[in-house]
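These notes concern the structure reproduced below.
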Amino acid sequence: VSIVTLPERPATRKQLREMLRFKLRRSVPFRVEDAAISSWALPGSGPEVNLLVAVMLRSVVEQYETAFEEAGARPGLVDLCTPSVFNLARPAIVKAIASGTDAALLNCTRNYFTLMIMRADRVVFFRCKSYAGGEEADPSGRLAVMARELTSSFSYYAEKLGGSGVGAVFVRAVSPGLDEVVPVLERIGVPSVRAIDAAEGLDPALGRRFDPSDGQRLAPALGAVAGRTAA
């Protein structure tokens with residue numbers, strides 16, 4: 001996943017696909033012709049257009065689709081975890097940004113973590129960091145990598161993107177857990193850390209039907225539904 005800038009908005013979807021393939025050709029570790037590409041135009045002014053672009057090997061997408069087809073289901077949406085979590089937390093994030101500061105979303109899993117930073121009505125930063133080898137099995141190793149990479153990411157945000165400060169970081173954490181991630185963010189100077197409450201994406205009349213730890217695991221699926229409903 002990356003943010004791609006084009007000099008102007010392409011006239012057709014075909015032109016957009018061709019321009020993205022050209023832009024991405026040297027930045028992916030496989031033939032771009034073998035990829036499934038999806039893009040979302042980010043708000044902005046001027047002739048340039050910024051797109052949040054997701055690229056995955058088509059053969060990998062087909063593996064997921066085949067598993068559901070063999071179970072008797074028809075795949076309708078193949079989505080990414082972090083944007084789906086963003087869909088779920090969007091109302092709270094928009095409210096935080098309205099106070100005049102930028103906001104961030106941190107999605108933590110056993111194998112990787114992703115940081116998104118939002119300013120006004122657009123995503124300005126997106127980074128996904130996979131853990132290496134033994135770090136996946138070592139919780140302290142994962143936390144050390146997370147602290148180092150988050151410090152680097154926030155420095156880049158401040159120095160290269162004109163960041164004036166992230167007021168709040170919204171966190172979805174499966175492994176490491178919230179109780180381990182929050183101290184990391186506090187040590188690097190984040191002023192406010194807020195756990196994403198998956199129950200906020202449900203009809204209040206239903207009541208909470210799962211505990212917070214289960215909600216952290218369910219958040220991406222609930223966010224995918226929220227995104228489809230909003231669309």
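Relative contact order, percent, of the range 127-197 when contacts are C-alpha pairs under 8 Å separated by at least 6 residues? This gives 31 percent for the range 127-197. Here the accessible area of the chain is 52 percent carbon and sulfur, with a 1.4 angstrom probe and all protein chains present. Applying both filters, DSSP loop and at most 13 other Cβ atoms within 10 Å, to the chymotrypsin sites (Phe, Trp or Tyr not before Pro) of the range 18-116 gives Phe30. Placing unit charges on the Cβ atoms of the charged side chains and taking the dipole of the chain about its Cα centre, the candidate lying farthest along the positive direction among Pro183, Val53, Asn107 is Val53. Between the beta carbons of Lys14 and Ser45, assuming R0 = 25 Å, the FRET efficiency works out to 0.45 to the nearest 0.05. With a simple spin-label model that places each label point 7 Å from the Cα along the Cα-to-Cβ direction, the separation between Lys95 and Val1 comes to 2.3 nm. Remark: the range 88-97, residue by residue, has Karplus-estimated 3J(HN,Hα) of 5, 8, 3, x, 5, 5, 4, 5, 5, 5 Hz, where x stands for each Gly or Pro and the curve is 6.51 cos²θ - 1.76 cosθ + 1.60 at θ = phi - 60°.
Solvent-accessible surface of the chain, taken per residue with a 1.4 Å probe and all protein chains present: 57 Å². Here the spin labels are modelled as points 7 Å beyond Cα on the Cα-Cβ line, and at Gln63 and Ser27 they lie 2.4 nm apart. Bridging of Lys23 to lysines at a Cα separation below 29 Å is possible for Lys14, Lys129, Lys160, once same-chain residues fewer than 8 apart are set aside.
Label sites at Ser213 and Ser164, each approximated as a point 7 angstrom past Cα along Cα to Cβ, lie 4.2 nm apart.
Rounded, prolate or oblate: which fits the chain when a ≥ b ≥ c are the square roots of the eigenvalues of the alpha-carbon gyration tensor, with rounded for a/c under 1.5 and prolate only if a/b beats b/c? Rounded, because the longest to shortest axis ratio a/c is under 1.5. Computed over the chain, the per-residue total of -39500 (n - 2.57) for DSSP H runs of n ≥ 4 gives a 222 nm mean residue ellipticity of -13500 deg cm²/dmol, rounded to 500. If R0 is taken as 22 Å, the Cβ-Cβ distance between Lys129 and Ser38 corresponds to a FRET efficiency of 0.55.
Note on Lys14: accessible area approximately 130 square angstrom, rounded to 10, probe 1.4 Å, nucleic acids and ligands left out.
The values are calculated or read from the model by the stated rules, or taken from the named source; none is laboratory data. Note that the coordinates shown come from a computational prediction; the quantities given were computed from them, not determined experimentally. For neighbour counting, all protein chains shown are included, and Cβ atoms are generated from backbone atoms with ideal geometry for every residue, glycine included. Surface areas here come from the heavy atoms of the whole protein model, side chains and all, with no ligands, DNA or RNA. Shrake-Rupley method; radii C 1.70, N 1.55, O 1.52, S 1.80 Å.
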